[in-house]
Number of protein chains: 2
Amino acid sequence: MPVQSASRVPALMNVATRLRIESVRATTEAGSGHPSSCCSAAEIVAALFFAEMRYDARDPHNPDNDRFVLSKGHAAPVLYAAWAEAGIIGRNAPLTLRRFDSDLEGHPTPRLPWVDVATGSLGQGVCAAVGIALNARLINSEYRTYALLGDGELAEGSVWEAAEAASFERVDSLCAIADVNALGQSGPTQWKHDVEAIAARWRAFGWRALTIDGHNMSAILDALDQARATRGQPTIIVARTIKGKGISSIEGKGGWHGKPLKKGEEADKAIAELESQLQPEDEPLPPRRVPKRVERPAPKPAHLDTVSYTLGDSVATREAYGAALARLGDGDDRIVALDADVRNSTFSEKFEEKHPQRFFELYIAEQIMIGAAMGLAARGAIPFPSTFAAFLSRAYDFIRMAAISGLNIKMAGSHAGVSIGEDGPSQMALEDLAMMRAEPNITVLYPCDGVSTERLLELAAYHSGPVYMRTSRPKTPVIYTADDAFTIGGSKVVRRSADDVATVIGAGVTLFEAITAHDELQKQGVAIRVIDLYSVQPVDASTLLQAARETKGRLITVEDHYKAGGIGDAVASAVAADGFTVHRLAVPDIPRSGKPEELLEHYGISARHIVAAVKQLAS
Amino acid sequence: MPVQSASRVPALMNVATRLRIESVRATTEAGSGHPSSCCSAAEIVAALFFAEMRYDARDPHNPDNDRFVLSKGHAAPVLYAAWAEAGIIGRNAPLTLRRFDSDLEGHPTPRLPWVDVATGSLGQGVCAAVGIALNARLINSEYRTYALLGDGELAEGSVWEAAEAASFERVDSLCAIADVNALGQSGPTQWKHDVEAIAARWRAFGWRALTIDGHNMSAILDALDQARATRGQPTIIVARTIKGKGISSIEGKGGWHGKPLKKGEEADKAIAELESQLQPEDEPLPPRRVPKRVERPAPKPAHLDTVSYTLGDSVATREAYGAALARLGDGDDRIVALDADVRNSTFSEKFEEKHPQRFFELYIAEQIMIGAAMGLAARGAIPFPSTFAAFLSRAYDFIRMAAISGLNIKMAGSHAGVSIGEDGPSQMALEDLAMMRAEPNITVLYPCDGVSTERLLELAAYHSGPVYMRTSRPKTPVIYTADDAFTIGGSKVVRRSADDVATVIGAGVTLFEAITAHDELQKQGVAIRVIDLYSVQPVDASTLLQAARETKGRLITVEDHYKAGGIGDAVASAVAADGFTVHRLAVPDIPRSGKPEELLEHYGISARHIVAAVKQLAS
């Protein structure tokens, strides 16, 4: 260990002790929280924030600051204590922990400028850290990314998706630290203190893995030095720690997960004990290293001036998606694409062909695909992760947390609904609209043709917040032109007359069933209105209400999705306050393999069923 | 290699060739499917079905049959071909592949009696296989479980959750085989043919890992022998294979994933080439070994004769859940519980205390928790996996596939909604009802007190199909007695009068807000009806309609859930056909940390908001 490291050890150990004290104070004041999980990590956090990391404490927005992700989000108080120690927040701010009027929540959220992604669902922070580290490459920054994991969360499969991806991408700017305190919430972890067993897993996945005593400051500093010097692979420091370290009454004991010390004697005694651990300092801590802020050109949105399709063309929206993404990427370097080994089906390969350096293949691992996108978005990229819409369900917890974070991720799901045909239900997304709409801040778009795909993709890219775009497998005719305007929250009335007896609302493939039904009914002398609900969330209530009023209150939705949570519910919810109800055509039960047309017909969402519904309602 | 193995090799190689031929025939006839992924696995499948596995081809329901899970579900045709070869289905049945009128779907589903779980979403079959193998212990059977994985799917984190769990549980009756054909859908996998790199990962996770040439029948048989002889750990056979093996025009080539050979010359040539590979047989295959069917007592449902709580008691439904599960488990050995390291919060620890041998701790890994439950359910257990409801979103793709399979899993999610308080949004389930309701065959139950928890838990256990039960963190008063009857699809009118001016529909914690609002309004001379919607799916349309008719069409829902997909939508959908609409109180946006009461109030679902809504509607 270099001499300069040794001399700062006592001061850093005192920082660690103060972090423990403040973690106890904050959780005791809050009456809930995780002091024991903070105590095991105190030396690690002290070493990171006061010796290792380069950051400008006055400027959270310096893009070249080293990044820290608290993957074990429940240890939030130790992070808040580190900020207070660094002067980022006030000395007493941590005492507002978990209060309704404080942003220092039970788990960190990016409402706080030093937090990139909300954590608290374990095994996610490290995935975001991979994306954050990949972003450093994209923006040519030397910032390093640190992720602190608990040992319990190493059981999450997403951690191993992150491990594989980071090793495959040789992200040597990434350093993970596992706080192996051997105790989960309900008992010992499966590995207890066997740090070598844990390290062996990471080594097998291609990481450099160092095992240390996580309360030995010199060992921590040395390991961080080694990590920083490592090239071509990420590093994990597997640190043996004691839960509740420093407080003899709870040190290493079960039953102290997520439990504050009681105000009064219990807490006072613990704080006194911790204070007694403060030691003389050889010398004060050296000033922190502040990264040079690299000047970069201000980002500029791209714009697709022209449309790529003309009326009568036929193109699958999934293919138009890939083409539009590639085009938009020409004009904006922030746009990146992520794939889970289906780029030739989602057509994200079109983006890869033009922008290989901004395309990330995560292989068949949807959690790291979304997780890495979260990290990329947190650092200013505009990531478009895409896969079969059905498999986005694999990452729903990540999507949920991305929504909590309000991150700028642009998800695309192809192969929606029974219209994919023969592959059968495992490949059909029939609950994706429900799962995306459930999150109140996710924008849900659903183009029906090539032109609307291009327009909506551009809107998605520059909308602030998470967006989901649903694309379809079959080719569909192009019905829009460059003159058609699209907005988030809008819709298109594609057929209308003064005599309309009902309104049929479709989107994607079912819009064409609705148009076919319109034509068939027209032959029979019955006029209907047809609306393309390309923005499923937010939904165009005013157009829907106007249609309801003008078509005798008869609204029929038709969607290639299960009944609950999709277009039917979106429309019903929008018109309910005005007393209108909706007649829903949707896939009523678990489907099976078959030809697309057979399935649309069998599950009641074909033109024939729309005709029948109109006649029933209008009779 | 023993002599008896050597002599059967030519016959088994011929089986493999026939499986290839039939896979080509079926996919060519269907015009879609995955012949190349079948060809890489042909020797493995031949060895398993015609040398290794013990099963009674005439009795799929023999509980002592060895089990096979096709985790790489897209290779379904090779499985169907093996069944045809074994006489399980007709020789030409595979030619109905992917047809609407055939159960031989694009990916296997348990509509077929030899399939335990639907596969097709990669990385899931191996999780189910862990559950199937655990079941062998529970029923004292000697059956072995085999799971065939593709190499691409090894990127899924769920595979490593399964790896960790199987090794922790020392499930030596489990043998996984990885078909390492080096090609994913869109290109080479990250490991290509580096079988040692793959084996190293499994060894680090505690498995015995054997690497072999997956087209060398003797090597396969030998590895299966070794796996069978292995004690104390599961085995994986990492088999180097060639995608499209046997068909020189596609062997090892990219661009042949999920692509059938064209009918006519292309397919004919391939079949002719395969036929030329048939070889003279030293001797016919020996008859298959059929397992002895062990006689076991017929299972009998348990029944909770008494209720554990009296009016005025106060108990959290999560705690009542654990207690009821433990009680029900006394009377029915099929009931098992699975946890993801929150047993002391969900109170599944109460079950563990009484039935430790039927309790499985999967640690912080929700995908394997649900996946193992799927496997257990497939073999006759009644598994209750539980965790925080928010974290069930981690396993949504598994839940989706469990729904496709119609499996008998009984999921419980605790800590629903903002009423958990200070931990903040990462721990709050606010989309769980939406995600569960989206699946048309998932029953969704939501008890409000101790007695209804007990009653609903018993109903859940013996209902056929997947069930979700939502429980709450705060204590709530007991309002039901032994005289109250509950049914799936039912509800309870807990307050009613002839003068009701509106109906308020709540469930769980919001039911008590509704009751408080009722009492407050009563003081002001306003009468309302209050309904406990304990069955959220299916929903009690007739009671709701009656209430709507009797209370001037004024329906107000109040739920600790986001607006989309929950109770509001469930009720709206049920009453729409009769022209009624619903006024919804739900959590409108991403919440934050705070006290439960503060949060209920701030997000508009407290008694005060209900009172205001009633007054607004009834004014």
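The values are calculated or read from the model by the stated rules, or taken from the named source; none is laboratory data. What you see is a predicted model; the values in this text were computed from it and never measured. Cβ coordinates were reconstructed from backbone atoms using ideal geometry, including for glycine residues, and neighbour counts include every protein chain displayed. These area figures cover heavy atoms from the full protein model, side chains too; ligands, DNA and RNA do not enter into them. Shrake-Rupley method; radii C 1.70, N 1.55, O 1.52, S 1.80 Å.
Data table
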| item | result |
| --- | --- |
| Charge sum, other residues only, whose C-beta stays under 10 Å from residue A:562's C-beta, Lys/Arg counted +1 and Asp/Glu -1 | -4 |
| Value of relative contact order over region A:558-619, rounded to a whole percent, pairs C-alpha under 8 Å and six or more apart | 32 |
| Antiparallel DSSP beta bridges within the protein assembly as shown, as percent of all bridges there, nearest 5 | 15 |
| Average accessible surface area per residue within the protein assembly as shown, 1.4 Å rolling probe, Å² | 31 |
| Overall dimensions of region A:82-196 by Cα: Rg and Dmax, Å | 16.0, 44 |
| Cα centre as origin, Lys/Arg/Asp/Glu Cβ charges: region B:496-543 dipole, Debye | 40 |
| Unit charges on C-beta of K, R, D, E only; dipole of the protein assembly as shown, Debye | 280 |
| Built amide H within the under 5 Å cut-off of residue A:388, gap 5+ | A:414 |
| Under 5 Å, built H, 5+ apart or other chain: amide partners of residue B:150 | B:72, B:179 |
| 17 Å Cα-Cα reach of residue B:492 towards aspartates and glutamates, excluding residues that sit fewer than 8 places from it in its own chain | B:449, B:454, B:483, B:484, B:500, B:513, B:532, B:540, B:550, B:559 |
| Cut-off 14 Å between beta-carbons: net charge of the residues surrounding residue B:499, Lys and Arg +1, Asp and Glu -1 | +3 |
| Size of the A/B contact, given as accessible area buried on both chains, probe 1.4 Å, in Å² | 7700 |
| Ordering of B:360-366, A:95-101 by burial proxy (mean other Cβ atoms within 10 Å per residue, highest first) | B:360-366, A:95-101 |
| Pairs of alpha carbons in region A:536-619 whose separation is greater than 15 Å (percent) | 59 |
| Contact order relative to length of chain A, as percent, for alpha carbon pairs under 8 angstrom and 6 or more apart | 12 |
| 3J(HN,Hα) from dihedral phi, region B:276-286, Karplus parametrisation 6.51/-1.76/1.60, rounded to Hz, x for glycine, proline | 5, 8, 5, 10, x, 9, 4, 7, x, 5, x |
| Chain A residue with Cβ closest to the axis mapping A onto B, distance in whole Å | A:157, 1 |
| Other-chain or far-sequence residues with amide H under 5 Å of residue A:563's (modelled H) | A:587 |
| Over 18 Å between alpha carbons, listed pairs A:269/B:595; B:410/B:563; A:523/A:595; A:253/B:350; A:192/A:253; A:563/A:595 | A:269/B:595; B:410/B:563; A:523/A:595; A:253/B:350; A:563/A:595 |
| Accessible surface of the protein assembly as shown, 1.4 Å probe, proportion on carbon and sulfur as whole % | 49 |
| Furthest towards positive pole of dipole, B:107, B:314, B:132, structure part chain B, Cβ charges | B:107 |
| For residues of B:31-38, the mean tally of beta carbons on other chains within 10 Å | 1 |
| Positions from region A:151-168 whose accessible area shrinks by 10 Å² or more when the full protein complex is built, not the chain alone, probe 1.4 Å | A:152, A:155, A:156, A:157, A:160, A:161, A:164, A:168 |
| Overall Cα dimensions of chain B - principal axes, largest extent first, Å | 93, 51, 41 |
| Most to least packed among A:102-114, A:429-441 [average Cβ atoms within 10 Å] | A:429-441, A:102-114 |
| Structure-based [θ]222 nm, chain B - -39500 (n - 2.57) summed over DSSP H runs of at least 4, per residue, nearest 500 | -11500 deg cm²/dmol |
| Other-copy label distances relative to residue A:525, 7 angstrom Cα-Cβ extension, nm | 5.7 |
| Euclidean distance between Cα centres, region B:336-390 to region B:544-575, Å | 33 |
| ³J(HN,Hα) computed for each position of region A:349-363 - Karplus, 6.51 cos²θ - 1.76 cosθ + 1.60, integer Hz, glycine/proline x | 4, 5, 5, 4, 4, 8, 9, x, 6, 10, 10, 10, 8, 9, 6 |
| For region A:408-438, residues shielded by at least 40 square angstrom of accessible area compared with the chain on its own, probe 1.4 Å | A:422, A:423, A:425, A:426, A:431, A:438 |
| Exercise: per-residue mean of other protein chain Cβ atoms within 10 Å, A:566-572 | 4 |
| Local net charge near residue A:277, Cβ-Cβ under 15 Å (Lys/Arg +1, Asp/Glu -1) | -2 |
| Shielding by partners - mean other protein chain Cβ count within 10 Å, residues of A:594-601 | 2 |
| Under Karplus coefficients 6.51, -1.76 and 1.60, residue-wise ³J(HN,Hα) of region A:580-587 in Hz, glycine/proline x | 8, 10, 10, 9, 10, 10, 7, 6 |
| Nm distances between copies for residue A:268, ranked from closest, using label points 7 Å along Cα→Cβ | 9.6 |
| Cβ-placed point charges (K, R +1; D, E -1), dipole of region A:186-335 about Cα centre in debye, nearest 20 | 240 |
| Cβ-vector label at 7 Å, residue B:493, separations to other copies in nm | 4.3 |
| Descending principal axes extents, region A:273-341, alpha-carbon based, whole Å | 80, 32, 18 |
